[in-house]
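These notes concern the structure reproduced below.
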Amino acid sequence: MAHSVPLLGNAEKGELERLILSRLTEHYAKNGPAALLEEGVRVIVNVEGVAIDRGETRDPLAAVEVRSLFTALCYITGGTISLPPDSLGTLATEATSAAAQQINRIAAG
């Protein structure tokens, strides 16, 4: 019985998390603290790398809606319409975990 090897190991996940945090930080700085909580905003991973989009990227390797992440949900359900800057690291960690699961499912095929 063959064991499937994940596409993303710990080193790759670490790099992915750094890329996601960088994109989240850029989006936050450019569009303001409420922008990441808007409907349809997602972190995507594709062959070009990591980006933030609103659904326009077709067939990414992984797509994680920011509003679906636990930290974002906590702010939304708490009535907050913007994120503090110190929440971006936690969002990046959660988005990395969700994206890695999607990508590693491809490997399990």
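Worth a mention:
- Residue ID - most open to solvent (accessible area, probe 1.4 Å), chosen from residues in the range 21-33 that are farther than 15 Å from residue 96 by Cα and either touching a Leu at 6+ places or on another chain (Cβ under 7 Å) or at pLDDT below 95 (or both): 33
- Every condition in (1) part of a helix (DSSP H, G or I); (2) free of Cβ contacts under 8 Å to residues at least 24 places away in the same chain holds for residue 95 except the one numbered (2).
- Of the residues 8, 16, 69, the single one that is surrounded by 14 or more Cβ atoms within 10 Å (Cβ to Cβ) and without any contact (Cβ under 8 Å) to a residue 60 or more places away in the chain is 69.
- Boolean, residue 39 is outside any helix (DSSP H, G or I) and in contact with a strand residue (DSSP E or B) (Cβ under 9 Å, 6 or more places away or on another chain): yes
- Filter result (open to solvent by 20 Å² or more (accessible area, probe 1.4 Å) and within 14 Å of the chain's Cα centre (by Cα)) within the range 39-54: 40, 42, 46, 49, 51, 52, 54
The values are calculated or read from the model by the stated rules, or taken from the named source; none is laboratory data. Everything numeric in this text was worked out from a predicted model, so none of it was measured. All Cβ positions, glycine included, derive from the backbone under ideal geometry; neighbour counts span all protein chains shown. Surface accessibility is based on the protein's heavy atoms, side chains included, excluding ligands, DNA and RNA. Shrake-Rupley method; radii C 1.70, N 1.55, O 1.52, S 1.80 Å.
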